[in-house]
Amino acid sequence: MKIQFLGAAETVTGSCYLLDCGESRVLVDCGMFQGSKAIKERNYGEMTVPVSEVDALVLTHAHIDHTGLVPKLYKHGFEGKTFCSKGTADLLQVMLPDSGHIQEMEVERKNRKAVRSGKKLLEPIYTADEGAQCIENFVGVDYGDVIQITPQVKVRFMDAGHILGSAIVEIWVTEGQKETKVVFSGDLGNYNQPIIKDPTTIDEADVLVMESTYGNRMHEDKDNRLELLRSTVIETFKRGGNLIIPAFAVERTQDLLYYLAKLIEEGTVSARDIYVDSPLAINATDIFCSHPEYYDEETASLQDKMGGNCPFYLPQLHMALSAEESKQINTINGGALIISASGMCDAGRIKHHLKHNLWRPESTILFVGYQAQGTLGRRILDGADKVRIHGEEIAIKAKIVKIDGFSAHADQETLLKWAGDFKKQPEIIFVTHGEIESANALARLLSQEFGLRTYVPKWLERIDLGSIGQRLAQEQEVKPIKELSDLKKHILELTGSDKEKAVKQLEELVKEIKF
């Protein structure tokens, strides 16, 4: 059995893994690359996966960096079924057409410039209609059910606690008389986060493919996120500005509405001041309301207190569905709390709100989610003086705030706890879905704390699972430093006391060397 890493290898987005079992081939996730121009270029051209050879597609959850190229897969000839949780299937009914629509709009805008400059016209990766058509091939599955997807492969979806319908995927592969269990963590959530249940503990695995988005850091604001949100609202409104929150339409927007309900109850903010400007977020909220079986005890109790009504639709809340309603929001000079997508600011209506507010010192831009390298959100968060939005250079004068505690991603502590709870530890862990520093840091900690064999794969790398153990054992036995840059990279990847210890050891070694 072989596994090929077609995405999310030494980067956060584009999750896609090909499990080649000999008689059958299963694709796990088919995500869109997001971030820098170089990374996004991977979305175009021919599929890196041999489409005609894939028997089935399995999805961990609905986020576009895990599902955004599914319509392209079908467009290029895939004829198999797509298996996912029922919640994921419902969310993708609105998310994939929305993704296609965004691509159509972006290409239309770029083509207007191309016509004027005489350049070749672009085509969208897929259209809204193509995004909708592929849903016909989806099979929604309940958590805990074991499904035979090929004669050789069966799967089970377990709650990952990340977003509504998110799943840890357990895959059993039969080769002759041998059965191998491969587990894909998908994106894991934090324990005790609002709305959905905690990540499921998995008892055993032979091979684990594990995410590492926050593999090298902790969420610092988990315990005081509501207080930080409260103070940010008060300070912004006192300055007379607007509070702009770029938020993923699925889960993050609903989390914010959950916490804003608490601020409304105490009188900090009025629902009349809150605008949700994202048709996708509005449709996703409807889907959240239709799946109370995914709620945790606290959210289920809140729904009971509201007489069985959906806990996310606050009275007097403004929901902007049309483009006209969205444009009207931009006429508000102060006192508005605007939640809009996309969460990394690379597309969608949020770019218009940033364009109208980034240059205003009285306004605040509040980041409550991960910003991948190369995205507009990351550039703003990293302290850029100005950014280009829709061809116009915008000065950054607004206050930039980040609250880590709202992240739906497990932090380093949670990732280690989840991995440490296996009763039968995997023989190898492939650490993926993280920037290089995060993936390497988590891989090192998993080895140090649990004695686990780990490996950080490269993009498009194809690995034979039958020989990887022997290969890694040989590499770990002798690890020569071929270049000085290798040593420097290793020390820079270390953190805290590990880095201090390595520097001291290096200093002592230099003293002993006789030239």
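A few comments on the model shown:
- Here N242 clears all of (1) within 25 Å of G189 (Cβ to Cβ); (2) in contact with a Ser or Thr (Cβ under 6 Å, 6 or more places away or on another chain) except the condition numbered (1).
- Residue within the stretch 192-206 that is modelled with pLDDT under 95, within 25 Å of S363 (Cα to Cα) and not in a loop (DSSP other than H, G, I, E, B) present: no
- Checked against the criterion of being farther than 30 Å from G466 by Cβ, among the charged types (D, E, K, R) and surrounded by 24 or more Cβ atoms within 10 Å (Cβ to Cβ), the stretch 214-226 contains not a single residue that satisfies it.
- Listed by first and then second residue, the pairs linking a residue in the stretch 374-394 that is in contact (Cβ under 8 Å) with a residue 60 or more places away in the chain and not assigned by TED's automatic domain parsing to the domain that holds E41 to a residue that is β-branched (V, I, T) and surrounded by 10 or more Cβ atoms within 10 Å (Cβ to Cβ), with Cβ atoms under 8 Å apart and 6 or more places separating them unless they lie on different chains, are G374/I39.
- Which listed residue, of S278, S290, is loosely packed, with under 14 Cβ neighbours inside 10 Å, touching a residue at least 40 places away in the same chain (Cβ under 8 Å) and either touching a helix residue (DSSP H, G or I) at 6+ places or on another chain (Cβ under 8 Å) or among the aromatic types (F, W, Y) (or both): S290
- Sole exception among (1) crowded, with 17+ Cβ neighbours inside 10 Å; (2) within 15 Å of Q412 (Cα to Cα) for I168, by number: (2)
- Screening the candidates G140, G131 for the property of being touching a helix residue (DSSP H, G or I) at 6+ places or on another chain (Cβ under 6 Å), part of a strand (DSSP E or B) and not aromatic (F, W, Y) yields one hit, G140.
- Single match in T150, T174 (criterion: more than 21 Å from the chain's Cα centre (by Cα) and free of Cβ contacts under 8 Å to residues at least 24 places away in the same chain): T174
- Residue in the stretch 99-111 that is out of contact with any Pro (no Cβ under 7 Å at 6 or more places or on another chain), without any contact (Cβ under 8 Å) to a residue 60 or more places away in the chain and within 26 Å of T213 (Cβ to Cβ) present: no
- Candidates in the stretch 52-62 are the residues that are of a type outside the set (S, T, Y) and modelled with pLDDT of 95 or more; of these, the one that is surrounded by the most Cβ atoms within 10 Å (Cβ to Cβ) is H61.
- Residue count for the stretch 322-339, restricted to those that are among the polar types (S, T, N, Q), in contact (Cβ under 8 Å) with a residue 40 or more places away in the chain and part of a loop (DSSP other than H, G, I, E, B): 1
The values are calculated or read from the model by the stated rules, or taken from the named source; none is laboratory data. Bear in mind the structure is a predicted one, so any value in this text is a computation, not a measurement. A quick note on method: Cβ atoms are made from the backbone with ideal geometry, for glycine too, and the neighbour counts reach across all protein chains shown.
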